[in-house]
Amino acid sequence: MPENFVTEFIGDFTFHEIDLLRLAEGERRKALRALRELEKELTVRLAIHDPGAGKTAAFTKRRIEALMKSVQKTIRSSYNRISSDQVKMLEELAAREAAILAKQVNTTAQLPIFTVGVSEDRLKRLVAEPNIQGSPAATWWERQSPDLIEKFRDQVTIGALLGEGPRTIARRVVGPGGIMETKKRQAETLVRTSVMSTANASRMAMYEANQDVIRGVQAVVTFDLRTSDICIARAGAAWDMKGNPLPESTRQEPFPGPPPWHMNCRTTLAPVMKSFEELIGAKGKRLDDKLKATPGTKASKFDGQIGEDVSFEQWLRRRTAAQQKQALGTTRRDLWLKGELKLSDLINQQGRPLRVDELTAAS
């Protein structure tokens, strides 16, 4: 066991998050390419079935119905392909994450600490489980096509009633502020969230399989000004494998389940390892003492790698007033600086971000 085990492991763990973000970026581009192709097809169909070309309401209605019949299959097919590609990628990611985690721990420790794996079938099932706000990734993608079909019909109908031509109606669909712009943002969010969801679910399965050597899990939060209230409040929170908060946890609340805790969530779970004294008895105390002298690091947008013992609150106090307001808002920042608000109090016990009036009433 190297003396700098903690430093090396947390460093590797943090840098691997960058790899996950790169993967998500690549998958985001794939999804957007598919949606841009769909945009082109919708524009062509609008030109063919010009809904504003009729002189009577009955004719316009028939044109709209012909257009909708033409595009519905295309929209469903596009999203089905995106969903199929995404699910396949997530299944591969789940298996890869389990292997990477075991390798990181065992290589850094130079000991076979994580010796139990997770079956391939179990890892595939993780992708089908409701890991994203109560639904699996495939279900989220399935919801996209009927939503787009409904919004497309609405915009076409409005445009036709206003007597707009196909080009003008097309701008309602694919132009700036059009419905496809919204659908692309939703796709981006879903891709990023599903990647982090699958990575965390895979790691959690490995932690459960090897819980004889770990005390629990701890939230590793990204230190930047885009971090949500939910993740700020849970920065440094830790739980045992039964879901109870560890004594050193920054929040004493039951385990809320692995991230994502909201869409676009970047928080991950790292293992809280048992001490060597707990694992091998009195002989391990000397190794524990050496580890305490070499704290690990984690990533920060403004500071690069910072010590793992630096809290989000300590990090935020180093920021400018403008940056603090960007992270918390003016009222929350004022309460925080006065000592009337702890960052861990930004959410309630159900994980809901508190409104300013609720924070003021509680202070």
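General remarks:
- Selection status of Arg125, basic (Lys, Arg), at pLDDT below 95, assigned to a loop (DSSP other than H, G, I, E, B) and open to solvent by 10 Å² or more (accessible area, probe 1.4 Å): no
- Hits in region 170-186 (condition: part of a helix (DSSP H, G or I) and open to solvent by 40 Å² or more (accessible area, probe 1.4 Å)): Arg171, Arg172, Val174, Glu181, Thr182, Lys184, Arg185, Gln186
- Any hit, region 248-256, residues being at pLDDT 85 or above, in a loop (DSSP other than H, G, I, E, B), open to solvent by 20 Å² or more (accessible area, probe 1.4 Å) and in contact with a His (Cβ under 8 Å, 6 or more places away or on another chain): no
- Count of region 203-228 residues which are over 14 Å from the mean Cα position of the chain (by Cα) and either touching a residue at least 60 places away in the same chain (Cβ under 8 Å) or closer than 18 Å to Thr115 by Cβ (or both): 16
- Residues of region 92-110 include at least one that is surrounded by fewer than 14 Cβ atoms within 10 Å (Cβ to Cβ), modelled with pLDDT under 90 and not in a helix (DSSP H, G or I).
- Selection of region 13-45 for residues being out of contact with any helix residue (DSSP H, G or I) (no Cβ under 7 Å at 6 or more places or on another chain), at pLDDT 95 or above and buried (at least 18 other Cβ atoms within 10 Å of the Cβ) yields an empty set.
- Candidate set: region 143-164, residues that are part of a helix (DSSP H, G or I), among the acidic types (Asp, Glu) and farther than 30 Å from Glu91 by Cα; chosen: the one most open to solvent (accessible area, probe 1.4 Å): Glu150
- No other residue among Ile82, Ile75, Ile10, Ile48 is open to solvent by 70 Å² or more (accessible area, probe 1.4 Å), among the aliphatic types (A, V, I, L, M) and either at pLDDT 85 or above or out of contact with any helix residue (DSSP H, G or I) (no Cβ under 9 Å at 6 or more places or on another chain) (or both) apart from Ile48.
- Listed conditions (1) under 19 Å from the mean Cα position of the chain (by Cα); (2) not in a loop (DSSP other than H, G, I, E, B) are all met by Pro130, apart from (2).
- For the criterion of being under 20 Å from Met89 (Cα atoms), charged (D, E, K, R) and open to solvent by 40 Å² or more (accessible area, probe 1.4 Å), Arg167 fails.
- Region 187-235 - residue that is of a type in the set (Asp, Glu) and part of a loop (DSSP other than H, G, I, E, B) and, of those, most open to solvent (accessible area, probe 1.4 Å): Asp212
- Counted residues, region 128-142 - those being of a type in the set (Asp, Glu) and surrounded by 15 or more Cβ atoms within 10 Å (Cβ to Cβ): 1
- Region 42-53 residues that are assigned to a loop (DSSP other than H, G, I, E, B), paired with ones that are of a type in the set (Ser, Thr, Tyr) and open to solvent by 30 Å² or more (accessible area, probe 1.4 Å) (beta carbon under 9 Å, 6 or more apart): Pro51/Thr157; Gly52/Thr168
- Ala53 being modelled with pLDDT under 90 and either out of contact with any Asp or Glu (no Cβ under 8 Å at 6 or more places or on another chain) or exposed (fewer than 15 other Cβ atoms within 10 Å of the Cβ) (or both): yes
The values are calculated or read from the model by the stated rules, or taken from the named source; none is laboratory data. Computed from a prediction, not measured in an experiment: that's the story for all the values here. Methodologically, a virtual Cβ is constructed for each residue, glycine included, from the backbone with ideal geometry; neighbour enumeration extends over all protein chains shown. Calculation scope for accessible area: heavy atoms of the full protein, side chains included, ligands and nucleic acids excluded. Shrake-Rupley method; radii C 1.70, N 1.55, O 1.52, S 1.80 Å.
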